[in-house]
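So the structure is just underneath, and the comments pick up after that.
The values are calculated or read from the model by the stated rules, or taken from the named source; none is laboratory data. Model, not experiment: these values are computed from the prediction. For neighbour counting, all protein chains shown are included, and Cβ atoms are generated from backbone atoms with ideal geometry for every residue, glycine included.
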Amino acid sequence: MKKLPNLISISQRINRESEKKRKILNSAIKIFGEKGFQNATISEIAKDAGIGDATIYEYFKSKEDILLEIPVEITKELIPQINDHMMGIKGALNKLRKFIWWWLNYVEKNPGYGSIVLLELKTNKNYVSTNAYQAARNFYQIVLDIIKEGQEEGSIKKDINIYLARSICVGAIEHIIIRWLLKEKKYSLTQYADELADLLIDSFKA
C-alpha cells in the first residue's frame, strides 16, 4: 500500500509529459500549417504552446524531428476514429465511400495537418525511412483491408491487384487534397467525395 502513492505520482507525471508533448505538436501543426515548415521557427512554436524554447528540446531534437513526429502521433488517433465510423457499415463498397468522405472531411477541418503530411513530408528526402512514413502505411492499410473484404464478399473484382487499387485510391484522394491546399482552400473539399467514390467504385466493382 505504501507504494501506491508513488505509482500514482509516476502515472500523473507521465500524463503531464504526454500532454505537454501533444501541446507542442498541436502548436507545430498550427505554425507549420500557417507559415510552412521552412519559414516556421522553434521560437514561434514555443510561444504558441506557452513554453520556453528550451522546453521543446527536452522532447524533440530539432524542428524536423517535430515534423516527423506529427503524423506518428496523429495516426494513433485517426485509426481508431475511422474504425469507429466503419462500425455498422455493411459492404466493402459502402466502407470505401465512407472512408473517402471521412478523410476529405477530416482534412477540410484540419488543413494544417493536411498541409504538413502532403506538402511538407512528401517532399522530405528522409520521409520514406522514418516512422512517419510507416504511420501513413498503417493508416492506408484501412483501404487495403476494405479492398480485400470486397474481394472476399464478391463486390470487388478478384483479379485486380489490391496494392495497385489502393495506390489508385490514395493517389486520387491526395491529388484532390493537394489541389485544394494549393488553391488556398477556397471551396469545400468534401464536395468531391461522392463523385470520387463513384469513379473508384465503378472501376473496382465486380
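For the range 153-194: of the residues being of a type in the set (Gly, Ala, Ser) and not in a helix (DSSP H, G or I), which is nearest to the chain's Cα centre (by Cα)? My answer is Ser188. Restricted to the range 195-206, and to residues that are over 23 Å from the mean Cα position of the chain (by Cα) and of a type in the set (Asp, Glu), which residue is nearest to Asn105 (Cα to Cα)? Top of the filtered list is Asp198. Set side by side, the residues Glu195, Glu184, Glu152 differ, and just one is surrounded by fewer than 16 Cβ atoms within 10 Å (Cβ to Cβ), modelled with pLDDT of 95 or more and more than 18 Å from Trp101 (Cβ to Cβ), which is Glu152. When Ile45, Ile51 are screened for being without any contact (Cβ under 8 Å) to a residue 24 or more places away in the chain and not assigned by TED's automatic domain parsing to the domain that holds Ile142, only Ile45 passes. Quick check on the range 57-66. Is at least one of its residues acidic (Asp, Glu) and within 28 Å of Ile176 (Cα to Cα)? There is at least one residue in the range 57-66 that is acidic (Asp, Glu) and within 28 Å of Ile176 (Cα to Cα). Based on this model, can you work out whether Ile82 counts as farther than 20 Å from Val170 by Cα and either among the hydrophobic types (A, V, I, L, M, F, W, C) or at pLDDT below 90 (or both)? Against the criterion (farther than 20 Å from Val170 by Cα and either among the hydrophobic types (A, V, I, L, M, F, W, C) or at pLDDT below 90 (or both)), Ile82 does not qualify. Could you go through the range 57-74 and let me know if any residue there is more than 21 Å from Lys30 (Cα to Cα), touching a helix residue (DSSP H, G or I) at 6+ places or on another chain (Cβ under 8 Å) and in contact (Cβ under 8 Å) with a residue 40 or more places away in the chain. No, because not a single residue in the range 57-74 is more than 21 Å from Lys30 (Cα to Cα), touching a helix residue (DSSP H, G or I) at 6+ places or on another chain (Cβ under 8 Å) and in contact (Cβ under 8 Å) with a residue 40 or more places away in the chain.
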